[in-house]
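**Q** Here you go, one structure.
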Amino acid sequence: MAIDLKQYEALPHGDMPGDKVEIGEEHVRKATLIMEKLEGMLDEVIAKDGRAVIAVCGGSGVGKSETASLISYFLNEKGIGAYTMSGDNYPRRIPMYNDAERLRIFRTSGVRGLVKANEATPEHFDKLRAWQQEETDASADHVSTDPWMKAYLDAGREGLTGYLGTTNEIDFDEVTGIVKAFKSGQDKIYLKRMGRTDSELWYDEVDFTNKKVLVIEWTHGNSDNYEGVDIPILLNSTPEETLAHRRARNRDGKTDSAFTMLVLELEQNLLKSQAHKAKIILSKSGELLSYSEYQALMGN
């Protein structure tokens with residue numbers, strides 16, 4: 001049955017500056033299914049603690065913002081005050097600088113890997129410099145013609161793994177502090193706002209007086225690096241589904257660049273390592289999955 005989307009056109013959404021939320025039928029169906037599963041769980045947490053924290057996590061393009069916004073909307077319609085918070089406001093650097101830091105770490109680690117493998121020759125660096133200028137240095141295809149590149153790629157990958165989704169990249173302590181303040185009953189909490197430029201950084205005081213539920217939408221919403229989430233929800237997508245979505249949107253012209261694909265792969269690995277904690281798991285197509293079904297789908 002078709003869903004009338006007009007009622008969701010002015011839907012309040014997450015607090016990430018410039019974040020665009022476009023509600024589609026698939027988001028409404030997912031959020032409706034989640035609400036059915038949430039009912040008992042949420043009542044139990046609120047009865048015990050007075051307030052509850054839900055985290056909606058998943059990879060790029062899986063619909064975290066839209067689904068989280070709908071969950072808050074449905075809760076508010078039921079008379080259970082809810083607020084949607086974006087975890088993307090809490091990296092230590094604005095997106096442009098964080099992207100640059102990710103690439104710097106990958107390349108610096110890769111070059112050190114060449115030194116360690118005794119492959120740091122002028123000829124290799126000349127080739128590597130050209131690939132870096134082409135932005136193809138993260139491609140495994142180079143190994144077939146230049147086996148020494150494996151040392152660069154392995155070391156770069158290891159270095160990037162030590163940064164992505166860690167306390168080096170994200171201020172998890174600040175998010176933990178917000179969650180603790182909310183759950184302790186604090187009604188006025190300052191939340192960070194981070195846009196894409198140096199001047200887009202500020203704090204807003206948010207009134208939680210009538211809010212019983214904080215909904216955090218965030219890739220890292222199920223991370224072990226912060227505390228206080230009562231109900232983690234995983235919106236899953238396979239690497240193939242994620243890439244297809246990014247190609248369809250093609251936001252930055254580098255949708256499937258080798259480095260972007262490496263970042264997505266490492267983020268997917270993080271999500272997989274944390275998936276066992278999720279109380280609700282949905283497939284990209286909106287089907288409820290058990291953890292064992294999720295593992296089978298992801299090839300575990």
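**Q** Quick check on my filter: what residues within region 144-176 are assigned to a helix (DSSP H, G or I), farther than 30 Å from THR209 by Cα and within 21 Å of the chain's Cα centre (by Cα)? Step through it out loud before you land on a result.
**A** The first filter runs over region 144-176 and keeps only residues assigned to a helix (DSSP H, G or I), leaving 144-145, 149-161, 172-176.
Next, only the ones that are farther than 30 Å from THR209 by Cα stay: 144-145, 149-161.
Of everything in region 144-176, those that are assigned to a helix (DSSP H, G or I), farther than 30 Å from THR209 by Cα and within 21 Å of the chain's Cα centre (by Cα) turn out to be ARG157, GLU158, GLY159, LEU160, THR161.
**Q** Can I ask one more? Could you please give the count of residues in region 253-286 that are more than 30 Å from ASP154 (Cα to Cα) and modelled with pLDDT of 95 or more? Even if it seems obvious, please write down each step before you answer.
**A** So the first thing to find is which residues in region 253-286 are more than 30 Å from ASP154 (Cα to Cα), and the list is 278-286.
Now restrict to residues that are modelled with pLDDT of 95 or more: 278-282.
Of the residues in that region, 5 qualify.
**Q** Those residues that are within 17 Å of GLY18 (Cα to Cα) and either without any contact (Cβ under 8 Å) to a residue 40 or more places away in the chain or within 18 Å of the chain's Cα centre (by Cα) (or both), I need them from region 188-215; list them, please. Can you show your working first?
**A** Taking region 188-215 first, the residues within 17 Å of GLY18 (Cα to Cα) are 191-204.
LYS192, ARG193, MET194, GLY195, ARG196, SER199, TRP202, TYR203 - these are the residues of region 188-215 that are within 17 Å of GLY18 (Cα to Cα) and either without any contact (Cβ under 8 Å) to a residue 40 or more places away in the chain or within 18 Å of the chain's Cα centre (by Cα) (or both).
**Q** Within region 36-53, can one find any residue that is small (Gly, Ala, Ser), modelled with pLDDT under 95 and within 25 Å of ASP204 (Cβ to Cβ)?
**A** If we filter region 36-53 for residues that are small (Gly, Ala, Ser), which is where we start, we get 40, 47, 50, 52.
Of the ones still in play, those that are also modelled with pLDDT under 95 are 40.
Narrowing further to those that are within 25 Å of ASP204 (Cβ to Cβ): none.
Within region 36-53 (the criterion being small (Gly, Ala, Ser), modelled with pLDDT under 95 and within 25 Å of ASP204 (Cβ to Cβ)), the answer is no, since none of the residues qualifies.
**Q** If you don't mind, another one. Condition check: under 19 Å from ALA278 (Cβ atoms) and part of a loop (DSSP other than H, G, I, E, B). Does GLY18 satisfy that? Lay out the reasoning, then the answer.
**A** Numbers: under 19 Å from ALA278 (Cβ atoms): no; part of a loop (DSSP other than H, G, I, E, B): yes.
Considered against the rule, which asks whether it is under 19 Å from ALA278 (Cβ atoms) and part of a loop (DSSP other than H, G, I, E, B), GLY18 comes out as no.
**Q** Of all residues in region 256-280 being of a type in the set (A, V, I, L, M, F, W, C) and closer than 17 Å to GLU217 by Cα, which is most open to solvent (accessible area, probe 1.4 Å)? Talk me through it step by step, then tell me what you get.
**A** Applying the first criterion (of a type in the set (A, V, I, L, M, F, W, C)) to region 256-280 yields 258-259, 261-264, 266, 270-271, 275, 278, 280.
With the extra rule that they be closer than 17 Å to GLU217 by Cα, the set shrinks to 270-271, 275, 278, 280.
On the way: LEU270: 48, LEU271: 12, ALA275: 2, ALA278: 19, ILE280: 3 Å².
So the residue we want is LEU270.
**Q** A further question follows. May I ask you to list the residues in region 289-300 that are open to solvent by 70 Å² or more (accessible area, probe 1.4 Å) and over 29 Å from ALA140 (Cα atoms)? Please lay out each step first, then the result.
**A** As a first pass, look at region 289-300 and keep what is open to solvent by 70 Å² or more (accessible area, probe 1.4 Å): 291-293, 296-297, 300.
Residues satisfying the conditions are TYR291, SER292, GLU293.
**Q** ALA130 passes all but one of (1) open to solvent by 80 Å² or more (accessible area, probe 1.4 Å); (2) over 30 Å from LYS78 (Cα atoms); which number fails?
**A** (1)
**Q** Specify which of the listed residues (ASP99, ASP126, ASP137) is in a loop (DSSP other than H, G, I, E, B) and over 30 Å from ASP187 (Cα atoms). Give the steps one after another, and end with the answer.
**A** Numbers: ASP99 fails: in a loop (DSSP other than H, G, I, E, B); ASP126 fails: in a loop (DSSP other than H, G, I, E, B).
Among ASP99, ASP126, ASP137, only ASP137 is in a loop (DSSP other than H, G, I, E, B) and over 30 Å from ASP187 (Cα atoms).
**Q** Within region 64-92, can you find the residues that are under 19 Å from SER223 (Cβ atoms) and either crowded, with 20+ Cβ neighbours inside 10 Å or modelled with pLDDT under 95 (or both)?
**A** Residues satisfying the conditions are LYS64, SER65, THR67, ALA68, THR84, MET85, SER86, GLY87, ASP88, ASN89, TYR90.
**Q** Return yes when ASN118 is open to solvent by 40 Å² or more (accessible area, probe 1.4 Å), without any contact (Cβ under 8 Å) to a residue 12 or more places away in the chain and of a type outside the set (Val, Ile, Thr) and no when it is not. I'd like the intermediate steps shown before the answer.
**A** Working: open to solvent by 40 Å² or more (accessible area, probe 1.4 Å): yes; without any contact (Cβ under 8 Å) to a residue 12 or more places away in the chain: yes; of a type outside the set (Val, Ile, Thr): yes.
It is true that ASN118 is open to solvent by 40 Å² or more (accessible area, probe 1.4 Å), without any contact (Cβ under 8 Å) to a residue 12 or more places away in the chain and of a type outside the set (Val, Ile, Thr).
**Q** Now a separate question. Answer with yes or no whether MET41 is within 14 Å of TYR73 (Cβ to Cβ) and aliphatic (A, V, I, L, M). Lay out the reasoning, then the answer.
**A** Values: within 14 Å of TYR73 (Cβ to Cβ): no; aliphatic (A, V, I, L, M): yes.
No; evaluated as a whole, the condition is false for this residue.
**Q** Scan region 177-229 residue by residue and report those that are part of a strand (DSSP E or B), of a type in the set (A, V, I, L, M, F, W, C) and either modelled with pLDDT of 95 or more or open to solvent by 60 Å² or more (accessible area, probe 1.4 Å) (or both). Even if it seems obvious, please write down each step before you answer.
**A** Of region 177-229, the ones part of a strand (DSSP E or B) are 188-194, 201-207, 213-217.
Still in the list and also of a type in the set (A, V, I, L, M, F, W, C): 189, 191, 194, 201-202, 206, 213-216.
Once the filter is applied, which keeps residues that are part of a strand (DSSP E or B), of a type in the set (A, V, I, L, M, F, W, C) and either modelled with pLDDT of 95 or more or open to solvent by 60 Å² or more (accessible area, probe 1.4 Å) (or both), region 177-229 yields ILE189, LEU191, LEU201, TRP202, VAL206, VAL213, LEU214, VAL215, ILE216.
**Q** Are there any pairs with C-beta distances below 6 angstrom linking a residue in region 156-176 that is over 19 Å from SER139 (Cα atoms) and open to solvent by less than 20 Å² (accessible area, probe 1.4 Å) to a residue that is of a type outside the set (Lys, Arg) and part of a helix (DSSP H, G or I), with the two at least 6 apart or on different chains, and if so which?
**A** TYR163/ILE105; GLY165/LEU270
**Q** Suppose we filter ALA138, ALA100 for residues that are closer than 30 Å to ASP198 by Cβ and either surrounded by fewer than 17 Cβ atoms within 10 Å (Cβ to Cβ) or among the hydroxyl-bearing types (Ser, Thr, Tyr) (or both); which single one remains?
**A** Values: ALA138 fails: either surrounded by fewer than 17 Cβ atoms within 10 Å (Cβ to Cβ) or among the hydroxyl-bearing types (Ser, Thr, Tyr) (or both).
Residue meeting the stated conditions: ALA100.
**Q** Residues being among the β-branched types (Val, Ile, Thr) and surrounded by fewer than 20 Cβ atoms within 10 Å (Cβ to Cβ): count how many of those fall in region 29-44. Walk me through it before giving the result.
**A** Let us first name the residues in region 29-44 that are among the β-branched types (Val, Ile, Thr), namely 32, 34.
Adding the requirement that they be surrounded by fewer than 20 Cβ atoms within 10 Å (Cβ to Cβ) leaves 32.
Of the residues in that region, 1 qualify.
The values are calculated or read from the model by the stated rules, or taken from the named source; none is laboratory data. Predicted model only: the values in this text are computed from it and were never measured. Here Cβ is always computed from backbone atoms with ideal geometry, including for glycine, and neighbour counts include all displayed protein chains. Just the protein is used for accessible areas: all its heavy atoms, side chains included, with ligands, DNA and RNA removed. Shrake-Rupley method; radii C 1.70, N 1.55, O 1.52, S 1.80 Å.
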